[in-house]
Amino acid sequence: MKINQFFFSFFIILILGCGNDKKAPKKLTYQRTQSPSEVVAKEVRQTPIDLNNKGIGPIKKIIFSEKTDLSLVENGKNIFNSKCTACHNANRRLIGPPMKGIYERRSPEWVMNIILNPDEMLKKDPTAKALLKEYNNIMMLNQNITEDQARALSEYFRTL
């Protein structure tokens with residue numbers, strides 16, 4: 001008799017626990033991830049393009065020659081791979097913006113100044129502040145890059 005009462009009680013609890021809720025189960029939807037070119041386009045739309053802003057720092061004017069300096073490019077690529085790839089990718093958004101097409105969005109002076117002077121730029125420069133907000137307030141670390149290294153990086157970015 002006790003076994004029958006146990007199963008009866010278990011059956012009643014099971015029915016009451018399930019209830020009569022007629023809510024439909026949630027449907028999952030899937031979206032295709034963005035391609036690298038779509039990610040770059042998104043970044044461009046969110047942060048204003050400003051080719052006149054030179055940034056805050058020691059670099060006031062850069063004039064690129066028509067030909068890229070291959071020794072600077074190789075040096076810049078090595079610096080980028082050793083110091084920058086934790087946060088930046090050449091073609092897609094990571095913790096920081098992609099470098100491909102950077103000179104279509106920023107002046108060369110601005111790029112070198114953010115590399116050389118990220119702390120002050122992130123506090124005072126409107127474009128840097130907008131990027132900081134866009135990238136979840138993750139601050140660019142000062143990598144203690146020299147002007148020569150920043151110049152090599154800037155030449156490498158031209159080739160992407």
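Values in this text are rule-based calculations from the coordinates and carry no lab data. Since the model is a prediction, treat every value here as computed from it, not as a measurement. As a convention, Cβ positions derive from the backbone with ideal geometry for all residues, glycine included, and neighbour counts pool all protein chains shown.
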Per the filter on the stretch 121-144, residues assigned to a loop (DSSP other than H, G, I, E, B) and buried (at least 19 other Cβ atoms within 10 Å of the Cβ) are ASP125, TYR135, MET140
Here the qualifying pairs (Cβ atoms under 8 Å; residues six or more apart or on different chains; first in the stretch 143-159 and under 14 Å from SER82 (Cβ atoms); second of a type in the set (Phe, Trp, Tyr) and surrounded by 15 or more Cβ atoms within 10 Å (Cβ to Cβ)) come out as LEU153/PHE80; TYR156/PHE80
Selection from the stretch 126-142 of residues free of Cβ contacts under 8 Å to residues at least 12 places away in the same chain and among the polar types (S, T, N, Q) yields ASN136, ASN137
Would you call ILE95 in contact (Cβ under 8 Å) with a residue 24 or more places away in the chain, surrounded by fewer than 21 Cβ atoms within 10 Å (Cβ to Cβ) and aliphatic (A, V, I, L, M)?
-> yes
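For the stretch 78-110, what are the residues that are assigned to a helix (DSSP H, G or I) and within 15 Å of the chain's Cα centre (by Cα)?
Listed by number, the residues that qualify are CYS84, ILE102.
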Within the stretch 99-120, restricting to residues that are polar (S, T, N, Q) and closer than 13 Å to PRO58 by Cα, the one that is surrounded by the most Cβ atoms within 10 Å (Cβ to Cβ) is ASN113
Mind checking which residues of the stretch 65-99 are within 25 Å of PRO126 (Cα to Cα) and touching a Ser or Thr at 6+ places or on another chain (Cβ under 9 Å)?
-> ASN91, ARG92, LEU94, PRO97
Quick check, is SER71 among the polar types (S, T, N, Q), in a helix (DSSP H, G or I), more than 18 Å from the chain's Cα centre (by Cα) and surrounded by fewer than 18 Cβ atoms within 10 Å (Cβ to Cβ)?
-> yes
Considering residues that are without any contact (Cβ under 8 Å) to a residue 24 or more places away in the chain and basic (Lys, Arg), the number found within the stretch 104-125 is 1
Please specify each residue of the stretch 76-101 satisfying the condition of being under 20 Å from GLU147 (Cα atoms) and in contact with a Lys or Arg (Cβ under 9 Å, 6 or more places away or on another chain).
-> GLY76
With LEU160, LEU131, LEU94 as the choices, which residue is out of contact with any helix residue (DSSP H, G or I) (no Cβ under 7 Å at 6 or more places or on another chain) and under 16 Å from PRO48 (Cα atoms)?
-> LEU131
